[in-house]
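Only one structure is covered here, and it is reproduced in the block below.
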Amino acid sequence: MSIRHIRSLGIERPGKAYHFAYDEGPPGPGQVRLQTLYSGFSAGTELTFMKRTNPYFHSRWDAERGVFFAGESGLDYPVPFLGYMEVARVIDSQSPAFRNGDIVASTYGHKSGHTADPSRDVLIQLPDTFDPILGVLVGQMGPIAANGILHADAEIFGQQVSKLGQGVAGRSVIVIGAGPVGLMTALFAQQAGAAELIVADPSPYRRRRLDAMGIASMDEDAAWNHAKTHWHSGSDRGADFVFQTRAHAQSLHAALRSLRPQGTVIDLAFYQGGAEALRLGEEFHHNGLAIKCAQINRVPRGLAHQWDRRRLALETVSLLEAVGETVKREMITHIVPFDDAPAFLAELVETRPEFLQIVFKVAD
């Protein structure tokens, strides 16, 4: 195949999205050329680039030492590439592992196409019966949620986790936040057999979606009150695990209030500022609680050899094969043509409509 023209969705300046363009050569030996079908928008992370609240604009990340240095910006505008939730069709395979026509999920950004190297890039081949639009959740968002569940499993079973969700099975669980990560976490917990499950979110719109999915929903105050009133063994009261997915310090504090003594918050949120509303001298101190940060590039210590991103992605495929119709109906709330993406993001920031998962449709 010849050189092709690629368009990428990026941020030109604060509040202004744009299409960046470049030319891409043909695939080399072992590579595959991809035509993007759908690309999912991760609002919690990507709007930080629109609003200039991402920490990389204000500090520099030192990967070797694992610390940020304030006042040394590691990022500036324009930001030509965003995104990590893609589904594509293989249109020219130079790899024996893939055939033309295969549908794969990956994490290469909001682009019209991409040339991938399977020796470096994670490409998850989707089953023939799988609805391609659900694939936007396979490469990253689903594995983020699955990794949260895995951290709860490791709290109970250490390095002996043989089945995702075995740590939440039969236990009481609250998920704070009904965005895509929270919903996927709740679905994993439900599938694993959590004894009690509540998702807490302030939005009536999102709670109605949860009710339609068969998941109990409340606001945060009602959730922690319910856990402390109804979930008890006669002495200890509260949830065994709380998965915190909202980027608000007061939500993390509500998560701590919800726990039984010596319970654990599995924290999946991306906090862009400080945490002034977090109170560590109260329930955290008196109930001996724990906060465990669980991000996609950090599976529990000692489990990386068993539970890599590919395995978490395959767990996501299995979940979506079971509940995909419900997810498509209730969770994917906006399908936006790729050509309209810059204007849509401007409107999203200005009017902040209710939404769950936004998907850009790139090609048929």
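Note on region 18-31: residues that are assigned to a loop (DSSP other than H, G, I, E, B) and closer than 27 Å to Pro132 by Cβ amount to 6.
Entry remark, region 168-181: residues being assigned to a helix (DSSP H, G or I) and either of a type in the set (D, E, K, R) or closer than 19 Å to His226 by Cα (or both) number 0 in total.
The set of residues in region 339-364 being open to solvent by less than 10 Å² (accessible area, probe 1.4 Å) and over 16 Å from Arg208 (Cα atoms) consists of Ala341, Leu345, Leu348, Ile358, Val359, Phe360.
Scoring Phe41 on the criteria (1) over 15 Å from Phe360 (Cα atoms); (2) in contact (Cβ under 8 Å) with a residue 40 or more places away in the chain; (3) open to solvent by less than 40 Å² (accessible area, probe 1.4 Å) leaves a single failure, condition (1). Selection over region 200-212 of residues that are open to solvent by less than 30 Å² (accessible area, probe 1.4 Å), touching a helix residue (DSSP H, G or I) at 6+ places or on another chain (Cβ under 7 Å) and either under 16 Å from Glu354 (Cβ atoms) or in a helix (DSSP H, G or I) (or both) gives a count of 1.
Checked across region 114-132, the condition of being outside any loop (DSSP other than H, G, I, E, B), of a type outside the set (A, V, I, L, M, F, W, C) and either free of Cβ contacts under 8 Å to residues at least 40 places away in the same chain or touching a His at 6+ places or on another chain (Cβ under 7 Å) (or both) holds for at least one residue. Counting only residues that are closer than 30 Å to Arg52 by Cα and open to solvent by 30 Å² or more (accessible area, probe 1.4 Å), region 87-107 holds 1 of them. The set of residues in region 227-237 being surrounded by 14 or more Cβ atoms within 10 Å (Cβ to Cβ) and touching an Asp or Glu at 6+ places or on another chain (Cβ under 9 Å) consists of Ala227, Trp231.
Counting only residues that are open to solvent by 10 Å² or more (accessible area, probe 1.4 Å), closer than 17 Å to Gly182 by Cβ and outside any helix (DSSP H, G or I), region 317-334 holds 2 of them. Of everything listed in (1) touching a Ser or Thr at 6+ places or on another chain (Cβ under 6 Å); (2) closer than 16 Å to Gly40 by Cβ; (3) of a type in the set (S, T, N, Q), the single unmet condition for Ser106 is (1). Within the option set Ala194, Ala255, Ala186, Ala223, being closer than 29 Å to Ile358 by Cβ and either open to solvent by 10 Å² or more (accessible area, probe 1.4 Å) or part of a loop (DSSP other than H, G, I, E, B) (or both) holds for one residue only, Ala194. One residue stands out among those in region 276-302 that are assigned to a loop (DSSP other than H, G, I, E, B), among the aliphatic types (A, V, I, L, M) and open to solvent by less than 50 Å² (accessible area, probe 1.4 Å): the one that is farthest from Ser42 (Cα to Cα), which is Leu289.
Pairs linking a residue in region 16-36 that is of a type in the set (A, V, I, L, M) to a residue that is part of a loop (DSSP other than H, G, I, E, B) and open to solvent by less than 50 Å² (accessible area, probe 1.4 Å), with Cβ atoms under 7 Å and 6 or more positions apart or on different chains, are Val32/Ser95; Val32/Phe98; Val32/Pro118.
The residues listed here are Arg310, Arg260; of these, the one that is charged (D, E, K, R), surrounded by 19 or more Cβ atoms within 10 Å (Cβ to Cβ), in contact (Cβ under 8 Å) with a residue 24 or more places away in the chain and more than 24 Å from Asn54 (Cβ to Cβ) is Arg260. When Leu9, Leu47, Leu34 are checked against the criterion of being assigned to a strand (DSSP E or B), among the aliphatic types (A, V, I, L, M) and out of contact with any helix residue (DSSP H, G or I) (no Cβ under 6 Å at 6 or more places or on another chain), a single residue qualifies: Leu34. Residues that are hydroxyl-bearing (Ser, Thr, Tyr) and touching a residue at least 24 places away in the same chain (Cβ under 8 Å) were ranked within region 67-86; the one that is surrounded by the fewest Cβ atoms within 10 Å (Cβ to Cβ) is Tyr77. Please go through region 57-66 and pick out each residue that is of a type outside the set (Phe, Trp, Tyr), part of a strand (DSSP E or B) and open to solvent by 60 Å² or more (accessible area, probe 1.4 Å). Scanning region 57-66 gives a single hit, Arg60.
The values are calculated or read from the model by the stated rules, or taken from the named source; none is laboratory data. Here the structure is a predicted model, which is why all the values come from computation and not from measurement. No Cβ is skipped: glycine too gets one built from the backbone with ideal geometry, and neighbour counts run over all protein chains shown. All accessible areas refer to the heavy atoms of the entire protein, side chains included, with ligands and DNA or RNA removed. Shrake-Rupley method; radii C 1.70, N 1.55, O 1.52, S 1.80 Å.
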